[in-house]
1. Summing +1 for each Lys or Arg and -1 for each Asp or Glu, what net charge is found among the other residues whose Cβ lies under 13 Å from the Cβ of CYS212?
2. How would you order 65-78, 231-244 from highest to lowest mean count of nearby Cβ atoms within 10 Å?
3. Applying the Karplus parametrisation 6.51 cos²θ - 1.76 cosθ + 1.60 with θ = phi - 60° to the phi angles of the range 104-117, what ³J(HN,Hα) value in whole Hz is obtained for each residue in order, glycine and proline being reported as x?
4. What is the local net charge at ASP168, summed over the other residues whose Cβ is closer than 15 Å to its Cβ (Lys, Arg +1; Asp, Glu -1)?
5. From the P(r) of the range 1-256, could you give the percentage of C-alpha pairs in the tail past 34 Å?
6. Multiply the residue gap between THR176 and ALA50 by 0.36 nm, knock off their C-alpha separation, and tell me the result in nm, one decimal place.
7. For the chain, with all protein chains present and a 1.4 Å probe, just round the carbon and sulfur fraction of the accessible area to a whole percent.
8. Determine ³J(HN,Hα), in whole Hz, for all residues of the range 148-156 in sequence, where each value follows from phi through the Karplus function 6.51 cos²θ - 1.76 cosθ + 1.60 and θ = phi - 60°; x replaces Gly and Pro.
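The values are calculated or read from the model by the stated rules, or taken from the named source; none is laboratory data. Being a predicted model, the structure only gives us computed values, none of them experimental. Neighbour counts are summed over all protein chains in view; Cβ atoms, including those assigned to glycine, are modelled from backbone coordinates with ideal geometry. Surface accessibility is based on the protein's heavy atoms, side chains included, excluding ligands, DNA and RNA. Shrake-Rupley method; radii C 1.70, N 1.55, O 1.52, S 1.80 Å.
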Amino acid sequence: MTTIVTLNTRGLPLKGTRIAERCTKIATELGAGDIDMVCLQEVFTYRQLAHLRRPFPHVAYRRSALGPAGGLVILSRLHLAGSEYARLPQPRRGSRLPVRARVNALRSGMLSVRLADSGVRVVNVHPVANTDGDWSEGNRFRHVQSEQFDALARVVAADNSPTVVCGDFNTARSSTLHGDLWRRTGLRDAFNGECPPTFHQEFLPPGSTPHCIDFILATEGLGVEETDLLFTDRRRMTSGTGYVSDHIGLLARLGIP
């Protein structure tokens, strides 16, 4: 059995968010458990990475000027056999997306590793955020999100190896994009559709509704033994009490040899 966690560490904005303290708290709690692998999103600086990686002997990411490319990192107690990073498709010219969304889209990507002993692939993905909170087919983010999900589907379908896909999908479970992805790849939700909203209400604009936007997905043959939620409550830190991230973490124990 292999225990996998996914968590968006809330790396942005960088100023005034107690990043070092929060990352240290995250690393301490993850390192104290029996967790084998952690897929992290929004690790945008090497300083963040230095705090987070301490309990784990193996780490995978693509280097860039300021930090891990796309903010994507995989930490592991299991030996890894190489890694690959790919940027997800970007918004097309002439799209109606705001400038900030276009800039953030530059950080959308996917990081893949393979477990050395079992050959299982683990993919850490972080598509562009839909700041409209509208996942209908007519929304202005739909086209770029559809292309990004399509790129992920092609990566999963290109290899018959058992695969786990984790990450902050930035797309609510109600979106038809998820159903299309699962049908094309054979992926299934480790939480079987029972995961609560994974974004804390207090970080949303007034009147907004939180949704389940983080997932652990696995292909057939990788049985799900148990699931759990992490970092659902505020933690006591040196500078005061607060959440370690705007997201909650997901944990799944999978039947990986």
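1. -3
2. Going by the mean number of other Cβ atoms within 10 Å, highest first, we get 65-78, 231-244.
3. Taking θ as phi minus 60°, the curve returns 4, 5, 5, 9, 7, x, 9, 10, 10, 9, 10, 6, 4, 7 Hz for the range 104-117.
4. -1
5. When every Cα pair of the range 1-256 is considered, 10 percent fall beyond 34 Å.
6. Value of the extension gain: 41.6 nm.
7. Carbon plus sulfur share of accessible area: 49 percent.
8. 5, 4, 5, 4, 5, 4, 5, 5, 5
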